[in-house]
Structures are given as C-alpha cells and as structure tokens.
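For reference, the structure discussed in these notes is given below.
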Amino acid sequence: MDHSSEARRTDLMTITRHVLNEQSKYPESRGDFTILLNHIVLGCKFVCNSVSKSGLAKLLGLAGETNVQGEQQKKLDVLSNEVFVKALVSSGRTCILVSEEDEEATFVEPSKRGKYIVVFDPLDGSSNIDCGVSIGTIFGIYSVKDMDNPTLNDVLQPGKDMIAAGYCMYGSSCTLVLSTGNGVNGFTLDPSLGEFILTHVDIKIPKRGKIYSINEGNAKNWDMPTTRYVQNCKFPEDGSSPKSLRYIGSMVADVHRTMLYGGIFMYPADKKSQNGKLRVLYEVFPMSFLMEQAGGQAFTGKKRALDIVPEAIHERSPVFLGSYDDVEDIKAMYAAAAE
C-alpha cells in the first residue's frame with residue numbers, strides 16, 4: 001500500500017486552512033480578511049450550485065430587466081448579485097460594494113461596517129449560460145482609508161493598491177483562483193465535501209505561450225498595433241510556428257486558460273469601443289493583479305493596467321494580459337506606432 005499517497009489524499013489543504021496559514025504570518029491580524037473570504041467562498045458555492053441546475057430550476061432565460069451596462073440580465077445574473085451582496089454585507093467586514101449589476105456603489109450601514117471594499121462581477125460571461133460554456137465570478141478587495149467615513153474616492157484607487165483578487169469559474173469543475181499579493185493559488189470544489197481544496201499550488205504563467213485570444217470579429221475596427229500583432233501571430237516574421245487562436249468569449253475562462261497554458265488575452269480599444277469594453281474595477285484590475293502575481297503582465301496599450309486611476313466605478317479600458325514575453329511584444333508594437 002502506498003502510504004505516502006494515502007497521506008496526501010487525507011491531508012487536504014482547504015481554502016480556509018490556506019488563508020489561516022497565511023494569516024498566521026501576520027501576528028497583528030485579527031482574522032477579518034479570513035471571515036470576509038469565507039463569505040465570498042460561500043457565495044461562490046451558492047452560485048456554482050445554481051449554475052449547475054439552472055435548467056432544472058427554470059432559471060434560464062431573461063429576467064426582463066436591463067442592467068446599468070445596457071445588457072439584458074439573465075435570472076442567474078440577478079440571483080448571483082443578490083447572493084454576493086447579502087453575503088458580503090452579512091460578513092460585517094465590508095463598507096462599500098461595487099457590482100457590475102448595480103448602477104451605484106452600495107454603502108454598508110454603520111452597524112455592519114468593516115474595513116474592506118469589494119468590487120465584483122457576480123456572473124461574468126452570462127450570455128453563455130444557455131449553451132453551457134464556462135462562466136464565473138470576478139472580485140477584487142481594497143482596504144478603506146477611514147472606516148467611519150467611507151467615500152467613493154476610497155473605491156477609485158489604482159489596481160496596484162488592491163490587497164487581494166480572484167475569480168471563481170463554473171465549468172467542468174468549480175475552480176477558485178486567489179491571490180492575496182503573495183503568489184497565485186487555485187482551489188477546486190470537492191462536491192462530496194463541500195470544500196475548496198488546493199489543487200494548483202503557486203501558479204506561474206509560462207514566460208511565452210503558443211495561444212492568442214481575441215475576438216477577431218472586431219478586426220476591421222482595430223488599431224494598427226493590434227492588427228500587426230495578430231498578423232504576426234498567424235504569420236510570424238521570424239519563421240517560428242504560428243500561434244493558435246482560442247477565444248471562448250467568457251473572460252474568466254479565457255484568462256484561466258491563458259494563466260495555465262501561457263499566451264495572451266486581448267480586448268483592445270477599437271473604432272466602435274474607443275475606451276475598450278472591459279470594466280476597470282471588477283474585470284481589468286482583478287485579472288491584471290492575478291496575472292502579475294503569476295509572473296505575467298497586463299498592459300492597456302498606453303501603460304501598465306494596474307496603474308490606471310479610475311474616475312468612475314463603471315469605467316472601461318482596453319487590456320492585453322498574459323505571458324511576460326508575449327505582452328512585451330505588443331508593448332513594442334505600440335511603442336513603435338507612437339514614434
């Protein structure tokens with residue numbers, strides 16, 4: 001009998017245990033962050049369960065409302081948003097919440113207020129619900145400057161000031177990827193235990209990848225650097241093998257693949273969407289934070305993505321993120337175009 005493998009199988013590192021281990025490195029910590037994360041994990045479990053049985057529960061289809069982005073909401077969008085707002089408020093550790101689905105920021109009442117700000121997209125890629133493609137939740141966490149007097153300016157911080165970020169992908173398995181500023185780890189939900197188990201330890205993105213990911217349907221509207229870069233992916237000037245195109249259309253799934261396999265994910269600005277389409281606070285920042293923590297880069301076409309100082313909670317930005325060398329290549333294209 002292989003006792004070493006049995007020991008590994010029984011010594012399970014759950015996400016709670018992992019965060020508690022991290023917390024123990026900071027003697028002054030009171031456990032507030034661990035409590036907050038437990039409530040986020042609970043929200044992810046609830047949404048995962050709802051997504052997996054959405055057809056049976058008759059949750060599919062339009063809810064009949066339109067969100068602040070002008071997108072028609074699915075019933076699961078509405079449900080996911082309610083679940084996360086209630087879970088975060090009830091944690092007693094948050095003071096401001098920003099959701100993709102809500103036009104205004106939510107200020108938590110003083111009696112339930114804590115020191116954290118959470119920005120989140122409760123169900124990214126929801127247009128893919130009906131066809132069973134992977135979708136997910138994206139979140140980022142900031143500290144508030146003055147817990148007793150939180151303002152919108154506390155939310156409008158650059159991404160480099162985030163203290164943690166993550167996403168939960170609801171696909172063939174339910175995977176939660178998290179960084180608290182000390183590397184990136186992935187946890188997979190074990191349905192029999194109801195626990196997220198550490199399965200991807202210290203994720204590092206390859207320095208260069210063989211995949212590029214972009215919506216080529218927008219090609220006629222791209223700027224010259226993006227056009228040249230994609231052309232070089234297909235017909236490399238140095239005689240190397242061309243890159244493969246993979247585009248799911250669900251940011252969580254595309255970024256997850258990019259992080260594990262390497263390559264580059266691109267959502268550039270174009271003639272139709274001159275500021276890009278992805279939202280800065282709860283899409284660009286968390287994914288850029290994770291990508292940098294995994295050894296990659298994130299770039300807007302002008303500067304490092306995490307250096308953006310947002311002026312509005314639903315502000316948009318272009319983004320190019322992925323393997324370090326691949327992002328260096330697109331940066332060189334933009335630098336050459338600016339000369």
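Hey, which aspartates and glutamates would be in cross-link range of LYS220, C-alpha to C-alpha under 14 Å, not counting anything within fewer than 8 residues on its own chain?
Result set, ordered by chain and number: ASP270.
Taking each full run of DSSP H in the chain as one helix, which ones are at least 27 Å long along their axis (Cα atoms) and have mean Kyte-Doolittle hydropathy of at least 0.5? Provide the component values of the computation, followed by the final result.
Values: long enough: 32-52 (30 Å, 1.11).
Those that clear 27 Å and a mean of 0.5 are 32-52.
Quick one: with all protein chains in place, what share of the accessible area of region 189-311 is carbon or sulfur, to the nearest percent (1.4 Å probe)?
Within region 189-311, the accessible surface is 50 percent carbon and sulfur.
Summarise the long-distance tail of P(r) for region 167-300 by giving the % of C-alpha pairs beyond 25 Å.
The calculated P(r) of region 167-300 puts 30 percent of pairs beyond 25 Å.
Compute the distance in nm between two label points, each set 7 Å from the Cα along the Cα-to-Cβ direction, one at LEU152 and one at SER241.
Placing both labels 7 Å beyond Cα along the Cβ direction yields 5.1 nm.
With a ≥ b ≥ c the root eigenvalues of the C-alpha gyration tensor of region 263-339, is it rounded (a/c under 1.5), prolate (a/b larger than b/c) or oblate?
Since a/c reaches 1.5 but b/c is at least a/b, the shape of region 263-339 is classed as oblate.
Can you compute the FRET efficiency between SER111 and ARG17 using 1/(1 + (r/R0)^6), with r the Cβ-Cβ distance and R0 = 35 Å? Round to the nearest 0.05.
FRET efficiency, SER111 to ARG17: 0.70.
Along Cα→Cβ, 7 Å out, is where each label goes; now give me the distance between the ones at SER173 and ASP307 in nm to one decimal.
Label-label distance for SER173 and ASP307, simple model: 3.8 nm.
Quick one: compute the contact order of region 183-338, relative version, from alpha carbon pairs under 8 angstrom and 6+ residues apart, as a percent.
Once normalised by length, the contact order is 27 percent.
Setting aside same-chain residues fewer than 8 positions from LYS45, which lysines have a Cα under 26 Å from its Cα?
Straight-line reach from LYS45, under 26 Å: LYS53, LYS58, LYS74, LYS75, LYS86, LYS112, LYS115, LYS204.
With 18 Å as the limit, write out which pairs from LYS207/LYS331; LYS234/LYS277; LYS303/LYS331 have Cα-Cα distances beyond it, or answer none.
Result: LYS234/LYS277 exceed 18 Å.
Determine the per residue accessible area of region 120-237 with all protein chains present and a 1.4 angstrom probe, expressed in square angstrom.
With all protein chains present, region 120-237 gives 43 Å² per residue.
Dividing the alpha-carbon Rg of the chain by 2.2 N^0.38 Å yields what?
0.99
Tell me, what is the percent relative contact order of region 85-166, built from C-alpha pairs under 8 Å that lie six or more residues apart?
25
The values are calculated or read from the model by the stated rules, or taken from the named source; none is laboratory data. Given the structure is predicted, the values throughout are model-derived calculations rather than measurements. Cβ sites come from the backbone with ideal geometry, for glycine too, and all protein chains shown count toward neighbours. Calculation scope for accessible area: heavy atoms of the full protein, side chains included, ligands and nucleic acids excluded. Shrake-Rupley method; radii C 1.70, N 1.55, O 1.52, S 1.80 Å.
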